[in-house]
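Take a look at the structure below.
The values are calculated or read from the model by the stated rules, or taken from the named source; none is laboratory data. Keep in mind that what you see is a predicted model, and the values were worked out from it rather than measured. All Cβ positions, even for glycine, are placed from backbone atoms using ideal geometry, and neighbour counts span all protein chains on display. We work out accessible area using only protein heavy atoms, side chains counted, and drop any ligands, DNA or RNA first. Shrake-Rupley method; radii C 1.70, N 1.55, O 1.52, S 1.80 Å.
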Amino acid sequence: MNMGVDLFDVKYLEEILGSFSKATGLHIEAVNDKGETFCIPNKADRCEFCHYIRSQPHGTEKCHASYRQATFEAAKWEEPYFFRCHAGLVIWAVPIGVKGASLKSIICGQVLMWKPDRFFYQELKKLNADIKDFEELKEKAKLLEVISPSRSQAAADTLFVVVNHLVKRNIHILEQIDTHRMQQKIRKDLEERKKLQSGEKNDYSAYLKKERSFLRYIRLGDKTRAEKNLQSLLTCLFTKSAGDKTIIKVRILELATLVSRAAVEGGADAERVMTILKDFNNEADKLERVEEFFCKIQTLVSEFLGDSLALADKKHLSLVNDAKGFIVENHSKPIKIEDVAARLFVSPSHISRLFQQEVHCTVNDYITRVRIEQAVELMKKPELSVEQVSKTIGFQNQSYFAKVFRKFIGVTPLVYRNSLF
């Protein structure tokens, strides 16, 4: 799913939040991850207290900062987060997020949970020490609504249910959009392939070749190349099957199993992978259209390649992916961990720690894995000798290459080559 697309139709969001506001009598607004408001239902006005606070120097910036922090905390705990804003009002933030990622939040409240008294005004003056005319602020505070803790908790819980409904609804809409886009791309690719490959034999040799390449990138955890190869693979499948839904379903289920095994071989947690695969198979039984199968397999691949991790820690995942890309592009050269670290402007110990944490192997092990995967592909070219393959992928010592190859593949390079022809 394309998370770059806005999760919400603002007009629909405004209608739903407007109904909530009318039912509860509470002020409500939607803010982004910077704390900036992008939706207030029915053009509802803020209370006089908030208007006065925002009219002060840097008042709006302070409100944004309060909302930004609340949005972060709500996303972290994945539940309504109660807080007091910088000016002293009781507010709660309900997170709009996916798998712990902070996207936006719904801000509700701007109330008090007790009637203003002497101690409240003392604290209010302390919190708003920059305001010169405190008496005016005090008069506006007297107009604030006072609600009980139980009512505010009930409102927060109800709003949480509403937001979850919105998230699920709109994720489903985005999946439909992605499916439609995929269908358009497949149709376009299909027409191009017909023009370029009109004389090609109608068998699955091309498909199986693409499948092997695709699974190789899954084992290496190379998200960019895996997803690019998957698009080409699905187009090839659609072409060779002539769009037959029954054939495509069989191949997609088969591919899902192969992908899961490749992911485990690449270091993914086996229990988690098997759980995801089981859910995939259950959902696949309910699908009717070819494009739905294609969309589901893309989602499966994204899960195996760590989309949830990407949302949780983009910076670390970006470094690891950049390191993987550098290794794939330069595997034939005598590269070491120091070269990878220098390329990314980080220390060798830092990139080593990230690889252990995210890829579950050392950088050197990953370099070796890339080389052996490439060797397997080159072995299929009869014009290349085992010695030539060894040198092409960066091994100068053929005996050492044979030892490493056997460790990863289970047989020597010569035995593997002889099994191919």
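Just subtract the alpha-carbon distance of THR412 and GLU271 from 0.36 nm times their residue separation and send over the number in nm, one decimal. Before the final figure, lay out each step's value.
Values: separation 141, 0.36 × 141 = 50.76 nm, distance 3.09 nm.
So the extension gain works out to 47.7 nm.
Once fully extended, how much extra length lies between CYS361 and VAL146, figured as 0.36 nm per residue of separation less the alpha-carbon to alpha-carbon distance? Walk me through the numbers before you get to the answer.
On the way: separation 215, 0.36 × 215 = 77.40 nm, distance 5.70 nm.
Length difference between fully extended and current span is 71.7 nm.
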> Is segment 375-421 rounded, prolate or oblate when judged by the Cα gyration tensor, a ≥ b ≥ c being the square roots of its eigenvalues, rounded requiring a/c under 1.5 and prolate requiring a/b larger than b/c?
Replying inline: oblate
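From the square roots a ≥ b ≥ c of the eigenvalues of the alpha-carbon gyration tensor of segment 37-152, which class results: rounded (a/c under 1.5), prolate (a/b over b/c), or oblate? Don't skip to the answer; put the middle values down first.
On the way: a/c = 1.90, a/b = 1.61, b/c = 1.18.
The shape class here is prolate.
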>> Out of the GluC sites (Glu not before Pro) in segment 101-168, which ones are loop residues according to DSSP with at most 14 other C-beta atoms within 10 Å?
In response: GLU145
>> Just to verify a number: what accessible area does LEU127 come out at with the full protein assembly present, 1.4 Å probe, Å² rounded to tens?
In response: 80 Å²
> What are the ³J(HN,Hα) values, in whole Hz, obtained from phi via the Karplus relation 6.51 cos²θ - 1.76 cosθ + 1.60 with θ = phi - 60°, for each residue of segment 292-303 in sequence order, with x given for Gly and Pro?
Replying inline: 5, 4, 5, 5, 5, 5, 5, 5, 4, 4, 4, 5
>> Let me cross-check MET274: its accessible surface, 1.4 Å probe, with only protein heavy atoms counted, in Å² to the nearest 10?
In response: 90 Å²
>> As an exercise, identify the trypsin sites (Lys or Arg not before Pro) in segment 315-421 lying in DSSP coil whose Cβ has no more than 15 other Cβ atoms within 10 Å.
In response: LYS336, LYS380
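With the cut-off at 1.5 for a/c, could you classify segment 237-292 from its C-alpha gyration tensor as rounded, prolate or oblate?
Numbers: a/c = 3.81, a/b = 1.80, b/c = 2.12.
Oblate.
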>> Please list, in order along segment 42-49, the HN-Hα scalar couplings obtained from phi with the Karplus expression 6.51 cos²θ - 1.76 cosθ + 1.60 (θ = phi - 60°), rounded to whole Hz, x for Gly and Pro.
In response: 6, 6, 4, 8, 6, 5, 4, 4
